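The values are calculated or read from the model by the stated rules, or taken from the named source; none is laboratory data. As the structure is a computational prediction, the values presented were derived from the model and not from experiment. With ideal geometry, Cβ positions are generated from the backbone for all residues, glycine too; neighbour counts draw on all protein chains shown.
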Amino acid sequence: MLEPIGLSPTLEAIYRTMLRHRDWNTEQIAEHLRLSVAETKSGLDELAQLMLLAPAESADREFRPVNPALGLTTLLAHAEEEVEQRRRQISAARSAMAVLAAEAADGASREGFVRLEGIDAVRERMEQMAVSVHVECVSMNPVAAQSPTAKRASKPLNQLLLERGVSVRSIYQQSFSNDADLVDYAEWLTGLGGELRTVPIVPTLMIIYDRKGVLVPIDPTATHLGAIDVTGPGVVALATALFEQMWQGAVPFGAAVPRDQEGLNPTERQMLSLLSDGHTDQVVARRLGVSLSTVRRLMAGMMERLSARSRFQAGVKAAERGWFCY
């Protein structure tokens, strides 16, 4: 339960045992938890480094537990700072990507940028990539861009890549699980050896090939208009960094979506963040790739959990609990 703030199940079990049995020594703790004495001593040392244990005055034991209200609050603050730092990095990368894509879409022809007009030109470029890529092909896939036609077109290309031994990694929105056809596609892709992970929000459609080029749509809201094929090293490095940041925090396909210590999953956190920024239910639904009724159902559940009679009151209570994720 405390893994999100850096405490493994074993360390948590040792700490809980010490809180309940303050007079127990190392051997008694080890016997109770069915651990070796060496494992228990190692765990005690780690807990001491995390400032959850302090030297004991008694000669019978080496450590005493620090009050959780003090020790765990410090760990939580460190975890929150890491999340905030990662959020800032992703936000900066996303903003830079948007600026660069907009500059490319303005139309000026320049070295390292090729404008692909229309969906046919994009698919021809993807066919070229399927036979020329040697190492990896990674992509980010918003639900809005995953039409049945797009999946039919990409299926033989991904199969060719995997058969050639190319690594294929894809990031999808968690709401894709509401579409049976997309779930079937994901099962097919992972069955062939591709990797797929999910996040609440995918900022844009993007394909990176061999870390040498990246395809981004001319207009993210109208992908049929075409794409920009970018080979400039700086842009490619930026796109790759954004993908890897999101990949590290994504949930593997088929795994249960984790809930934090407040019982919130990542989608609920993102929904609260978007609503707190003043976005309408319609905008939140579009960003999360879910229906309007789903957003309203989730919000009604939040209000019930917070014992709030209005959205404003729910927002105040959620802020007090630190539920917002920016």
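Observations on the structure shown:
- Taking the conditions (1) surrounded by fewer than 21 Cβ atoms within 10 Å (Cβ to Cβ); (2) outside any loop (DSSP other than H, G, I, E, B) in turn, Ala318 satisfies each one other than (1).
- Counted residues, the range 16-40 - those being farther than 19 Å from Glu3 by Cβ, of a type in the set (A, V, I, L, M, F, W, C) and either touching a residue at least 40 places away in the same chain (Cβ under 8 Å) or surrounded by 12 or more Cβ atoms within 10 Å (Cβ to Cβ) (or both): 4
- Put simply, of Thr267, Thr280 the only residue that is within 26 Å of Gln146 (Cβ to Cβ), without any contact (Cβ under 8 Å) to a residue 40 or more places away in the chain and either within 23 Å of the chain's Cα centre (by Cα) or surrounded by fewer than 18 Cβ atoms within 10 Å (Cβ to Cβ) (or both) is Thr280.
A quick yes/no check of all residues on (1) touching a Cys at 6+ places or on another chain (Cβ under 8 Å); (2) touching a residue at least 12 places away in the same chain (Cβ under 8 Å); (3) buried (at least 21 other Cβ atoms within 10 Å of the Cβ); (4) farther than 30 Å from Phe312 by Cα:
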| site | (1), (2), (3), (4) |
| --- | --- |
| Gly193 | no, yes, no, yes |
| Val202 | no, yes, yes, no |
| Tyr209 | yes, yes, yes, yes |
| Leu215 | no, yes, yes, yes |
| Asp219 | no, yes, no, yes |
| Val236 | no, yes, no, yes |
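- Here the condition is being under 12 Å from Met271 (Cβ atoms) and modelled with pLDDT of 75 or more; of Val295, Val290, it holds for Val295 alone.
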